Number of protein chains: 2
Amino acid sequence: MTATTAVAVYCGSSPGKQRAYQHAADSLGKALAAAKRQLVYGGGSKGIMGIVSGAVLDAGGDVIGVIPHAMLAVGGEGERVSGDDSTPVLVKSKEERMERVEWVIVNSMHERKVEMARRSSGFIGLPGGFGTFEEVLEVTTWTQIGIHSKPVVLANVLGFFDPLRALIQNGIEGGFIRPAGINLIKFVDGPSDHALHESFDWGKVLLEEI
Amino acid sequence: MTATTAVAVYCGSSPGKQRAYQHAADSLGKALAAAKRQLVYGGGSKGIMGIVSGAVLDAGGDVIGVIPHAMLAVGGEGERVSGDDSTPVLVKSKEERMERVEWVIVNSMHERKVEMARRSSGFIGLPGGFGTFEEVLEVTTWTQIGIHSKPVVLANVLGFFDPLRALIQNGIEGGFIRPAGINLIKFVDGPSDHALHESFDWGKVLLEEI
Ligand SMILES: [Mg+2]
């Protein structure tokens, strides 16, 4: 009855070089807020992380940031003190917005993953780096071995995750993953015309899969 | 002075459909034993796991199997009781061989990964499924965030891991991974003529990178 509808989002702490990546994050954040579904994320205020969480907060939605002690001390995911490129007004505005985040402080990177998964009904991956790849694959293995059964959905913006699909296919063809394993991760490809990825309603389609 | 030279190997618990995969595992096991480097692995006796550990043991080498309590109870990684396909003599022979494994019993899948990493000087990935992908990426993130600095090497047999290289490249081109990130995982491609992958000395080349 009171099962959560929260969604965990894994993504980069850099903004990425394509406007379509940033647009997808913004679109997802707006859709989460509109659907009154809580965002559970790694707590960063920069990059794709900052865009998706900022979009939820700006639209009046709820955000839970799950962050290890050690990372909190240095200012969050991917954040480092830099003396010369800060814009005080922007920073202040960001901080005010971030005050609405509900923080969950954990003891380790592993505890963060467990806590994010526990608090969510499903998982969405946006473009990111090694950490994003690993988190998406880890929650997938948790489904595979029966720890949970929650959807894993990837925003395959500009085909970013195509190689991951090919890797899974190699695992299947190689005899290491059952054919049904291809269904453990749902790839949302968006329009075949990639020029439309900067305006596509990623949030709507992603949430339909969760 | 007494730093370990042990190597953690991540791989599938199925044998895979290509003889080259099995050959690479056997080659690596023999090379580890010859170099007197301990194998640290997930403890399975089947599939690629069984081949690499069996090759080490048959050559008189040392093997540490790290396995969670829960998995020990069902007979190990990827093993399930099946009443009709057992060959008693083979099973007995396998069991005798497995008696030389030094077992480390842990409390969770996560503790297994930590323990395998702690006991090893580097990591080698052979073909496998989701678990292998995730384990390779996790130890890579541990290097990236400074938890350790140990080489991660993949046996790219028949180009099995080519899509992972493409995924990392997407992360770099997309602005989420620094260009130097491509060096966090070393891909050992073997001969450009894939027909030679069934006889290539994978063990020698893999250990040269560790
Ligand atoms: Mg992991």
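Does region B:167-186 include one or more residues that are among the aromatic types (Phe, Trp, Tyr) and more than 7 Å from chain A (Cβ to nearest Cβ)?
Taking region B:167-186 first, the residues among the aromatic types (Phe, Trp, Tyr) are B:176.
Next, only the ones that are more than 7 Å from chain A (Cβ to nearest Cβ) stay: none.
The answer is no, given that none of the residues of region B:167-186 is among the aromatic types (Phe, Trp, Tyr) and more than 7 Å from chain A (Cβ to nearest Cβ).
Considering only helices (runs of 4 or more DSSP H) fully contained in region B:86-191, which possess at least 1 residues that are within 16 Å of the ligand (Cβ to nearest atom) and under 20 Å from residue A:14 (Cβ atoms)? Don't jump to the end; show me each part of the working.
Values: elements: B:88-98, B:109-118, B:130-144, B:162-173.
Helices (runs of 4 or more DSSP H) meeting the threshold: B:130-144, B:162-173.
I'd like the full set of residues that are polar (S, T, N, Q) and either in contact with a Phe, Trp or Tyr (Cβ under 6 Å, 6 or more places away or on another chain) or farther than 15 Å from residue A:206 by Cβ (or both), limited to region A:120-139. Spell out the reasoning first.
Of all residues in region A:120-139, those polar (S, T, N, Q) come to A:120-121, A:132.
If the condition is that a residue be polar (S, T, N, Q) and either in contact with a Phe, Trp or Tyr (Cβ under 6 Å, 6 or more places away or on another chain) or farther than 15 Å from residue A:206 by Cβ (or both), then A:132 is the only one that fits.
Scan region B:103-111 and tell me whether some residue there is in contact (Cβ under 8 Å) with a residue 60 or more places away in the chain, more than 9 Å from chain A (Cβ to nearest Cβ) and surrounded by fewer than 22 Cβ atoms within 10 Å (Cβ to Cβ). Let's see the steps before the verdict.
First pass over region B:103-111, keeping only residues in contact (Cβ under 8 Å) with a residue 60 or more places away in the chain: B:103.
Checking which are more than 9 Å from chain A (Cβ to nearest Cβ) leaves us with B:103.
Now drop any that are not surrounded by fewer than 22 Cβ atoms within 10 Å (Cβ to Cβ), which leaves B:103.
For region B:103-111, residues in contact (Cβ under 8 Å) with a residue 60 or more places away in the chain, more than 9 Å from chain A (Cβ to nearest Cβ) and surrounded by fewer than 22 Cβ atoms within 10 Å (Cβ to Cβ): present.
Tally up the residues in region B:35-67 that are assigned to a helix (DSSP H, G or I) and in contact (Cβ under 8 Å) with a residue 60 or more places away in the chain, please.
2
Taking into account only those residues within region A:188-205 that are free of Cβ contacts under 8 Å to residues at least 24 places away in the same chain and of a type outside the set (D, E, K, R), which is nearest to residue A:36 (Cα to Cα)?
Keep residues of region A:188-205 that are free of Cβ contacts under 8 Å to residues at least 24 places away in the same chain, which gives A:191-193, A:195-196, A:205.
The next check asks that each one be of a type outside the set (D, E, K, R); those that pass are A:191-192, A:195-196, A:205.
On the way: A:191: 26, A:192: 30, A:195: 30, A:196: 27, A:205: 16 Å.
Among them, the one singled out is A:205.
Pairs under 6 Å by beta carbon, first residue among the acidic types (Asp, Glu) in region A:124-152, partner within 10 Å of the ligand (Cβ to nearest atom) and in a helix (DSSP H, G or I), six or more apart or different chains?
Every condition considered, the pairs that remain are A:134/B:137; A:134/B:138; A:134/B:141; A:138/B:134.
Please specify each residue of region B:171-200 satisfying the condition of being of a type in the set (D, E, K, R) and exposed (fewer than 14 other Cβ atoms within 10 Å of the Cβ).
Keep residues of region B:171-200 that are of a type in the set (D, E, K, R), which gives B:173, B:178, B:186, B:189, B:193, B:198.
The one that is of a type in the set (D, E, K, R) and exposed (fewer than 14 other Cβ atoms within 10 Å of the Cβ): B:193.
Those residues that are farther than 11 Å from residue B:127 by Cβ, more than 12 Å from the chain's Cα centre (by Cα) and crowded, with 21+ Cβ neighbours inside 10 Å, I need them from region B:7-31; list them, please.
B:27, B:31
Find the residue count for region B:145-161, including only residues that are surrounded by fewer than 17 Cβ atoms within 10 Å (Cβ to Cβ) and at the interface with chain A (Cβ under 9 Å from one of its Cβ atoms).
Result for region B:145-161: 3.
Laboratory data are not the source of any read-out in this text; all were calculated from the coordinates shown. As the structure is a computational prediction, the values presented were derived from the model and not from experiment. Methodologically, a virtual Cβ is constructed for each residue, glycine included, from the backbone with ideal geometry; neighbour enumeration extends over all protein chains shown.
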